[in-house]
Amino acid sequence: MSFPPALDIDHIAKLARLALTAEEKATFAQQLGDVLHHIEQLAKVDVTGVEPTAHASPIFNVWQADVAQPGLTVADALRNAPAQRDNMILVPKVVE
Amino acid sequence: MSSELYFRTIADLAAALDAKQLSSVELTQAVIARTQAVEPHIQAFNSFDESDGLAQAAASDARRVAGQSCGPLDGIPIGLKDVIAVTGQPLTASSKMLKDFVSPYDATVTTKLKKAGAVLWGRLNCDEFAMGSSTENSAFGPTSNPWDPTRVPGGSSGGSSAALAAGEAIATLGSDTGGSIRQPAALCGVVGLKPTYGLVSRYGLIAFASSLDQIGPFARTVEDAAIVLGAIAGHDERDSTSFQAEIPDYRAALTSQRGPWKLGIPKEYFATGLDPEIAAAVEKAIAFYQSQGCEIREVSLPHTQYCLDTYYVIATAEASSNLGRYDGIRYGHRSTAAKDAVDIYAHSRAEGFGPEVKRRIILGTYVLSSGYYDAYYLRAQKVRTLIRQDFLNAFCDVDALLTPTSPIPAFKIGEKADPLALYLCDIYTIGVNLAGLPAISVPCGFTKSGLPIGAQLIGQPWKESSLLAIAHAYERAHPWSTQHPIL
């Protein structure tokens, strides 16, 4: 298995929805190159037949009764909204 | 025992409160006065509310007068890391993204502490979204180490460790994803406990890496840590990874569980990069256990060298996913520079997140991106299985492992500018998170220059009782926690 080389910072920033400055792009590309170089040693581990661990708790499925529970009031739910009107969160127009 | 109220232990203060020698209002006033006096030098808090603290204390005193005390935490001021939700209080994660956020609900640990009667005292500084090992990544400025204010308190829960060491709280809560409770505890000379993954509910904890995050206590003594753990542990249906374990009386276990124990010394944890003064202090702790009749065995955790890489793939992948929710739409910072609805995401995130958070989101997005998932994330999850197996194999022969907590003592603020150098601070702590184990850092001495040193004990899954008992046996013979920084 081979690890891919340098990362395309513009592509990744777009996927991550982060508007980076040219300076940030240059710094992160270099620093992440270093980190990825370090991470490459994972390729040396023989993982043939090894199951992945998602988390260490011995829990695999959890069922809960489908019963309504008390939740937040509208006022509480909207309390931290950047902009709101008539019990709704305001956003700029998406479709002209 | 310290004469100052703010340096006393929960066990001691609870006895004084029960005996009516002291009121919670007096105690809370002492903590508030101390906080006001030292906070300009330490900056452990993002915010605190004196009148709210005193109101909680008065309510506690009323309960005691009515004979309705809720137990040893009733009336004890406890500080919370600013990633744990308390209704009506700010919750910032030390980020500009959540600068004005107010919690609409309580975390489960908050509910449990309220039920236990604790006085919830302040919001404690940390690395932004708990990402870091020094608390320098806080958007609101670094916290200072009370033992030397030019140095870091560790991180990410550096506000929690510094506030406790400085006497600004009687106990605190932090969260630990890769060492964020144990490492700052070591650097500030206090006890820090990371419970087994699934023992303490994560509901209401701001998510960083969900498969690694656990909430746990900082305390002056192992006994105090046992008291707080007993109050916050337990199954919670609001956290699907919460385990239906029976919660024992951790405090009673301190004296009911007696050695001698079998302790393992992982040889990989004493290799290059370990500060010689820390190595010497931990060797002395090993010698102590030996002198008590404990069997000491060298063990091997052969995949230790892969822990850091495995951690940075898994933690950043989960972070990039978890932090996707901060999009400037429903809550958090919204950019006014954005030209359209889609642009809001990228600009709000660019303005709201600091450099380390952006760095980790980029790395996490990359390792999860199309074509690289198998090579990085899936492979890291498989190596994680091997790392966990290493620990479980070691536990076939020993009750617990004894290691240093941090390879170095507290370093200077601004000293470690390279992210990779900072990541290496966690080499002895991250394996525990990957394997989901409980571990505790206990003070085990000071360097010649007077900086605290911590030893880490790693326990078997769900065996917090014996872990605490083993730590308590050392602490009783080595009361380092009775020493306090001079501020």
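The values are calculated or read from the model by the stated rules, or taken from the named source; none is laboratory data. Computed from a predicted structure; not experimentally measured. Don't worry about glycine lacking a Cβ; one is built from the backbone with ideal geometry, like all the others, and counts go over all protein chains shown.
Residues considered: A:Ala26, A:Ala43. Of these, the only one that is within 8 Å of another protein chain (Cβ to nearest Cβ) and either in a loop (DSSP other than H, G, I, E, B) or at negative phi (or both) is A:Ala43.
Within the range B:374-391, the set of residues being more than 8 Å from every other protein chain (Cβ to nearest Cβ) and not aliphatic (A, V, I, L, M) comprises B:Asp374, B:Tyr377, B:Gln389, B:Asp390, B:Phe391.
Looking at the range B:56-70, can you tell me whether even one residue there is assigned to a strand (DSSP E or B) and surrounded by 16 or more Cβ atoms within 10 Å (Cβ to Cβ)? Reasoning before the result, please.
As a first pass, look at the range B:56-70 and keep what is assigned to a strand (DSSP E or B): none.
No - not one qualifying residue is present in the range B:56-70.
Here's a check for you: in the range B:328-342, which residue that is at pLDDT 90 or above and not aromatic (Phe, Trp, Tyr) is surrounded by the fewest Cβ atoms within 10 Å (Cβ to Cβ)?
Our first condition is that a residue be at pLDDT 90 or above; within the range B:328-342, this holds for B:328-336.
In the following step, the residues that additionally are not aromatic (Phe, Trp, Tyr) were identified as B:328-330, B:332-336.
On the way: B:Gly328: 25, B:Ile329: 18, B:Arg330: 16, B:Gly332: 23, B:His333: 20, B:Arg334: 21, B:Ser335: 18, B:Thr336: 10.
By that ranking, first place goes to B:Thr336.
If the condition is being at pLDDT below 95, crowded, with 21+ Cβ neighbours inside 10 Å and in contact with a Pro (Cβ under 8 Å, 6 or more places away or on another chain), then the range B:383-430 contributes B:Cys425, B:Ile427. Among the residues that make up the range A:55-72, is at least one of them within 7 Å of another protein chain (Cβ to nearest Cβ), surrounded by 13 or more Cβ atoms within 10 Å (Cβ to Cβ), more than 21 Å from B:Gly354 (Cβ to Cβ) and in contact (Cβ under 8 Å) with a residue 12 or more places away in the chain? Within the range A:55-72, not a single residue is within 7 Å of another protein chain (Cβ to nearest Cβ), surrounded by 13 or more Cβ atoms within 10 Å (Cβ to Cβ), more than 21 Å from B:Gly354 (Cβ to Cβ) and in contact (Cβ under 8 Å) with a residue 12 or more places away in the chain.
Annotation note: Cβ proximity below 6 Å between a residue of the range A:1-15 that is at the interface with chain B (Cβ under 8 Å from one of its Cβ atoms) and closer than 19 Å to A:Thr27 by Cβ and a residue that is at pLDDT 95 or above and part of a loop (DSSP other than H, G, I, E, B) (sequence gap 6+ or interchain) occurs for A:Ala13/A:Leu20.
Per-residue answers, yes or no, for (1) surrounded by fewer than 19 Cβ atoms within 10 Å (Cβ to Cβ); (2) out of contact with any strand residue (DSSP E or B) (no Cβ under 9 Å at 6 or more places or on another chain); (3) over 30 Å from B:Leu378 (Cβ atoms); (4) not small (Gly, Ala, Ser):
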{"residue": "B:Ala225", "(1), (2), (3), (4)": "no, no, yes, no"}
{"residue": "B:Ala233", "(1), (2), (3), (4)": "no, no, yes, no"}
{"residue": "B:Gln244", "(1), (2), (3), (4)": "yes, yes, no, yes"}
{"residue": "B:Ala252", "(1), (2), (3), (4)": "yes, yes, yes, no"}
{"residue": "B:Thr272", "(1), (2), (3), (4)": "yes, yes, yes, yes"}
{"residue": "B:Ala279", "(1), (2), (3), (4)": "yes, no, yes, no"}
{"residue": "B:Leu301", "(1), (2), (3), (4)": "no, no, no, yes"}
{"residue": "B:Gln305", "(1), (2), (3), (4)": "yes, yes, no, yes"}
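One residue alone among B:Gly371, B:Gly414 is at positive phi and more than 11 Å from chain A (Cβ to nearest Cβ), and that residue is B:Gly414.
Take A:Asp76 and tell me if it is at the interface with chain B (Cβ under 7 Å from one of its Cβ atoms), of a type in the set (D, E, K, R) and assigned to a helix (DSSP H, G or I). Full working, then the answer.
Working: at the interface with chain B (Cβ under 7 Å from one of its Cβ atoms): yes; of a type in the set (D, E, K, R): yes; assigned to a helix (DSSP H, G or I): yes.
So A:Asp76 fits the description; yes.
Taken over the range B:202-213, the residue count meeting the criterion of being in a loop (DSSP other than H, G, I, E, B) and more than 12 Å from chain A (Cβ to nearest Cβ) is 5.
Could you tell me how many of the residues in the range B:168-219 are among the small types (Gly, Ala, Ser) and touching a Phe, Trp or Tyr at 6+ places or on another chain (Cβ under 7 Å)? Break it down stepwise before answering.
First pass over the range B:168-219, keeping only residues among the small types (Gly, Ala, Ser): B:169, B:171, B:174-175, B:178-180, B:185-186, B:189, B:192, B:198, B:201, B:204, B:207, B:209-211, B:216, B:219.
Subset that is touching a Phe, Trp or Tyr at 6+ places or on another chain (Cβ under 7 Å): B:169, B:171, B:174, B:178, B:185, B:189, B:192, B:198, B:204.
Qualifying residue count, the range B:168-219: 9.
Candidates are the residues of the range A:75-85 that are surrounded by 11 or more Cβ atoms within 10 Å (Cβ to Cβ) and among the aliphatic types (A, V, I, L, M); the one that is farthest from B:Ser211 (Cα to Cα) is A:Ala83.
Going by the structure shown, is B:Ala346 more than 7 Å from every other protein chain (Cβ to nearest Cβ) and of a type in the set (A, V, I, L, M)?
On the way: more than 7 Å from every other protein chain (Cβ to nearest Cβ): no; of a type in the set (A, V, I, L, M): yes.
So B:Ala346 does not fit the description; no.
Can you find even one residue in the range B:311-327 that is more than 14 Å from chain A (Cβ to nearest Cβ), crowded, with 17+ Cβ neighbours inside 10 Å and either among the acidic types (Asp, Glu) or within 30 Å of B:Ala207 (Cα to Cα) (or both)? No, there is no match, as no residue in the range B:311-327 is more than 14 Å from chain A (Cβ to nearest Cβ), crowded, with 17+ Cβ neighbours inside 10 Å and either among the acidic types (Asp, Glu) or within 30 Å of B:Ala207 (Cα to Cα) (or both). The set of residues in the range B:76-108 that are free of Cβ contacts under 8 Å to residues at least 60 places away in the same chain and within 23 Å of B:Ser24 (Cβ to Cβ) comprises B:Val86, B:Thr87, B:Gly88, B:Gln89. Among the residues of the range B:110-166, not one is out of contact with any strand residue (DSSP E or B) (no Cβ under 7 Å at 6 or more places or on another chain), surrounded by 24 or more Cβ atoms within 10 Å (Cβ to Cβ) and part of a strand (DSSP E or B). For the range A:79-93, residues that are touching a helix residue (DSSP H, G or I) at 6+ places or on another chain (Cβ under 8 Å), within 19 Å of B:Tyr326 (Cβ to Cβ) and outside any strand (DSSP E or B) total 2. Number of residues in the range A:47-61 that are over 12 Å from B:Ile387 (Cα atoms) and at pLDDT below 85: the value is 6.
Restricting to the range B:312-346, count the residues that are free of Cβ contacts under 8 Å to residues at least 12 places away in the same chain and assigned to a helix (DSSP H, G or I). Reasoning before the result, please.
In the first step, residues of the range B:312-346 are kept if they are free of Cβ contacts under 8 Å to residues at least 12 places away in the same chain; the result is B:324-325, B:330, B:336, B:338-343, B:346.
Then keep just the ones that are assigned to a helix (DSSP H, G or I); that gives B:324-325, B:341-343, B:346.
Residues meeting the conditions: 6.
Scanning the range B:3-27 for residues that are under 26 Å from the mean Cα position of the chain (by Cα), more than 17 Å from B:Val222 (Cα to Cα) and not hydrophobic (A, V, I, L, M, F, W, C) yields B:Glu4, B:Tyr6, B:Ser24.
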